[in-house]
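As structure tokens, the structure follows; a few thoughts come after it.
The values are calculated or read from the model by the stated rules, or taken from the named source; none is laboratory data. Just so it is clear, the model here is predicted, and its values are computed rather than measured. When we count neighbours, we look across all protein chains shown, and the Cβ atoms used for this are built from the backbone with ideal geometry, even at glycine.
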Amino acid sequence: MDELRAIVMRAENTWTETGIPRLRMVRGEACSDQVYEPMIHLVLQGTKILSIGDQILQFEPATYFVVPVDVPAIGQICYDKPDTCYLALSLTLDPAVIAGVLAEQEDDGASALAPRFSVSTATPDLIDACLRMMRLIDRPKEVAMLAPMIEREILFRVLQGPQGDMLRQIARPESRLSRMRSAIDWIRAHYTEPFRVEPLAAMTGMSVSVFYRHFKAITAMTPIQYQKKLRLLKARRLLIFEPRDAAAIAFSVGYESASQFSREYARMYGLPPVRDVARFKTPAARRTAAIPLMESAELA
């Protein structure tokens, strides 16, 4: 863990590419609200408190979580010691690579639906594989040969653990999680537009009631709540970084009423838009507030 932390200390206060496919690292003084893409996220230093839908999760050093689909979340960092920073690494999930690993091992079958988000302790074998992968940053000539093998080992270790079912669902094109991804992608691409659930359910080949149930099981929120989170995450980023008033930004992310936007914003962040954004105007505030600097994928 000490060697892993030393390597990740080279990262910036944003997700930093390592030169190894799908592997990124972060050295963050503040945890952003962001849309997490499908990934394995390993915490090395600091404590992350993450709110996803109706779930609140706490991640300590040497713990990890699996994100099966693009999901908006609100995060906050708690530091273990003064003058330390949050350190983590992530491996973006490729369904084809996971499927290849599954094809080479006996599979007793996964459940019909991925479990809820959870926190798992990283085993020594998983940490060792991650360390060997990160060492390749200083051995670029070895990346093409060794990185794919180590990536498969990392996936194998997670598949053997309590969140392995998440990976199995991602790799199976016939799984409900895989079919749900098309509806989630549509909402992300059209988050400023009103929508009806019936066409989305049809897109996944499910009835409306089954669609609702599985959407919430996978994302910890309903389709409308998911859209609302996307809108508010984007609005907060715009409020901080663009010189526009709250009403204009509310309309730009799909709200038809500025007052409704203000109510929902305050419900999510604890303060109305103008007062919330004022917290980010000083350097001291930026150290303690959840500044959205680390969005994994910029919303349209």
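The one condition from (1) outside any strand (DSSP E or B); (2) at pLDDT 90 or above; (3) in contact with an Asp or Glu (Cβ under 8 Å, 6 or more places away or on another chain) that PRO72 does not meet is (1).
Report yes if some residue within region 98-113 is at pLDDT below 95, in contact with a strand residue (DSSP E or B) (Cβ under 9 Å, 6 or more places away or on another chain) and assigned to a helix (DSSP H, G or I); otherwise report no. Within region 98-113, not a single residue is at pLDDT below 95, in contact with a strand residue (DSSP E or B) (Cβ under 9 Å, 6 or more places away or on another chain) and assigned to a helix (DSSP H, G or I). Taking the conditions (1) closer than 17 Å to GLY254 by Cα; (2) in a helix (DSSP H, G or I); (3) β-branched (Val, Ile, Thr) in turn, VAL210 satisfies each one other than (1). Pairs linking a residue in region 211-228 that is basic (Lys, Arg) to a residue that is outside any helix (DSSP H, G or I), with Cβ atoms under 8 Å and 6 or more positions apart or on different chains, are LYS216/GLY53; LYS216/THR222. Across region 252-259, a minimum of one residue is classified as loosely packed, with under 12 Cβ neighbours inside 10 Å and modelled with pLDDT of 90 or more. Among the listed residues GLU256, GLU174, identify the single one that is more than 22 Å from VAL66 (Cα to Cα), over 22 Å from the mean Cα position of the chain (by Cα) and acidic (Asp, Glu). That would be GLU256, the only listed residue that is more than 22 Å from VAL66 (Cα to Cα), over 22 Å from the mean Cα position of the chain (by Cα) and acidic (Asp, Glu). Which residues, taken from region 47-97, are of a type in the set (A, V, I, L, M) and either more than 25 Å from PRO223 (Cα to Cα) or touching a helix residue (DSSP H, G or I) at 6+ places or on another chain (Cβ under 7 Å) (or both)? Result: ALA62, VAL66, VAL69, VAL71, ILE77, LEU87, ALA88, LEU89, LEU91, LEU93, ALA96, VAL97. A count restricted to region 26-48 and to residues that are farther than 17 Å from LYS229 by Cα, assigned to a strand (DSSP E or B) and of a type in the set (A, V, I, L, M, F, W, C) stands at 6.
You will find that of ILE150, ILE218, the residue that is part of a helix (DSSP H, G or I), in contact with a strand residue (DSSP E or B) (Cβ under 9 Å, 6 or more places away or on another chain) and under 24 Å from TYR64 (Cα atoms) is ILE218 and no other. Reported count of residues in region 153-170, each being hydrophobic (A, V, I, L, M, F, W, C) and out of contact with any strand residue (DSSP E or B) (no Cβ under 9 Å at 6 or more places or on another chain), is 2. Looking at LEU126, LEU155, just one residue is out of contact with any Pro (no Cβ under 9 Å at 6 or more places or on another chain), under 16 Å from VAL67 (Cβ atoms) and at pLDDT 95 or above, and that residue is LEU155. Of the residues ILE187, ILE137, ILE150, ILE127, only one is of a type in the set (Val, Ile, Thr) and either at positive phi or within 19 Å of the chain's Cα centre (by Cα) (or both); which? Exactly one residue qualifies, and that residue is ILE187.
If I filter region 229-254 down to residues being part of a helix (DSSP H, G or I) and among the basic types (Lys, Arg), which single residue comes out as nearest to LYS216 (Cα to Cα)? Per the stated criteria, the residue is LYS229. I'd like to verify a number: residues in region 116-141 that are surrounded by fewer than 17 Cβ atoms within 10 Å (Cβ to Cβ) and touching a helix residue (DSSP H, G or I) at 6+ places or on another chain (Cβ under 6 Å), how many? Number satisfying all stated conditions: 3. Just so you know, in region 167-192 the residues that are out of contact with any helix residue (DSSP H, G or I) (no Cβ under 8 Å at 6 or more places or on another chain) and not in a loop (DSSP other than H, G, I, E, B) include one that is surrounded by the fewest Cβ atoms within 10 Å (Cβ to Cβ), and it is ALA189.
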